[in-house]
1. Using the structure shown, decide if Val98 is crowded, with 19+ Cβ neighbours inside 10 Å and more than 25 Å from Arg269 (Cβ to Cβ).
2. Working only within region 121-143, note down all residues that are free of Cβ contacts under 8 Å to residues at least 40 places away in the same chain and part of a helix (DSSP H, G or I).
3. Can we say Phe227 is modelled with pLDDT of 95 or more and within 30 Å of Asn238 (Cβ to Cβ)?
4. Output the number of residues of region 256-271 satisfying the condition of being under 20 Å from the mean Cα position of the chain (by Cα), loosely packed, with under 14 Cβ neighbours inside 10 Å and either assigned to a helix (DSSP H, G or I) or at pLDDT 95 or above (or both).
5. Before we move on, is Ala120 crowded, with 19+ Cβ neighbours inside 10 Å, closer than 25 Å to Asn207 by Cβ and small (Gly, Ala, Ser)?
6. Within region 144-152, does at least one residue satisfy the condition of being surrounded by 17 or more Cβ atoms within 10 Å (Cβ to Cβ) and either without any contact (Cβ under 8 Å) to a residue 12 or more places away in the chain or within 23 Å of Ser50 (Cα to Cα) (or both)?
7. Pairs only if they're at least six apart or on different chains, beta carbon under 6 angstrom, first in region 69-84 and touching a residue at least 40 places away in the same chain (Cβ under 8 Å) and within 14 Å of Asp32 (Cβ to Cβ), second assigned to a strand (DSSP E or B) and not polar (S, T, N, Q); list them, first residue then second.
8. Condition first: more than 13 Å from the chain's Cα centre (by Cα) and hydrophobic (A, V, I, L, M, F, W, C). Now tell me which residues in region 31-50 satisfy that.
Amino acid sequence: MKFKTKILGALVAGALALGAAGQAAAASVVDDILKRGKIIVGLSTFVPWSMRDKNGEMIGFEVDVINKLGKDMGVEVELVPTAFDGIIPALLAKKFDVIITGMVIKPKRNLTVNFSRPYAYLTVGMAANKKLADRDGLKTKEDWNNRKVTLTIKRGTAPGETARRNFPKARVRQFDDDAQALQDVLNGNAHAFLTSEPKPTHYVIDNPETLYHPFGRGPFDPSASAFAVRKGDHDALNFFNNWILYHELNGWLKETHDKWFKGRDWKSRLK
């Protein structure tokens, strides 16, 4: 009888443990957002994804996406600007609910976070210094794959892999923001800045005497950007996936993307 009682007690304890685990698994950041009445989003500054205007306010494609998401959820929005190379650790530390920052889907990142379906697509382009390229005889892709070539990138971003794969012999300088990486090229200290389009195109348009596209607009590494959430949160993934699909089908995402990536009206709002 004691033996049966022990078995029964073990079964009950196991069932309670499974029930608790099931409740824990069912908990979602979406529930937290709705209870809090606010979605907290981690993002980094990338023109024209997210940037500060003359008044110090955040604007850009990403900011429009986040604000629309908050409106559809019926909650307030809090933006947490974060250095890109530390943004995934900050998500895992629960500094915010989700990353929405043009983050490219990559297998290595996917080992640490879960990605939603893509909500934007991009390519990597190059804005190069004309005088340096002419001085060093840089014409073909093979010419650019040279130890005398110096490339700049924003630290921790996808173009770093583009540089290593396409120009393994070139030196690569990493900067904390786009402005520093671009300025190094404009000053003649580096040959080219690799970054996602349309930034290289805008840089060439704004500095036609100094910069050019060595290989045309956005020739490298087509990729897809997605929301990033902590592992195991299937309800959050389901909601974000369906939110993205809904606004793909109704055209809102394309219309908003075109406003920031094909138009330049927003430039007058910057410092």
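The values are calculated or read from the model by the stated rules, or taken from the named source; none is laboratory data. Note that this is a predicted model, so its numbers are computed, not measured. Cβ placement follows ideal geometry from the backbone for every residue including glycine, while neighbour counts extend to all protein chains displayed.
1. Here the answer is yes, as Val98 does meet what is asked.
2. Asp134, Arg135, Glu142, Asp143
3. In short, yes.
4. Of the residues in region 256-271, 1 are under 20 Å from the mean Cα position of the chain (by Cα), loosely packed, with under 14 Cβ neighbours inside 10 Å and either assigned to a helix (DSSP H, G or I) or at pLDDT 95 or above (or both).
5. Criteria not met by Ala120.
6. Looking for residues that are surrounded by 17 or more Cβ atoms within 10 Å (Cβ to Cβ) and either without any contact (Cβ under 8 Å) to a residue 12 or more places away in the chain or within 23 Å of Ser50 (Cα to Cα) (or both), one finds at least one in region 144-152, hence yes.
7. Val75/Lys38; Val75/Ile39; Glu78/Lys38; Glu78/Ile40
8. Ile33, Leu34, Ile39, Ile40
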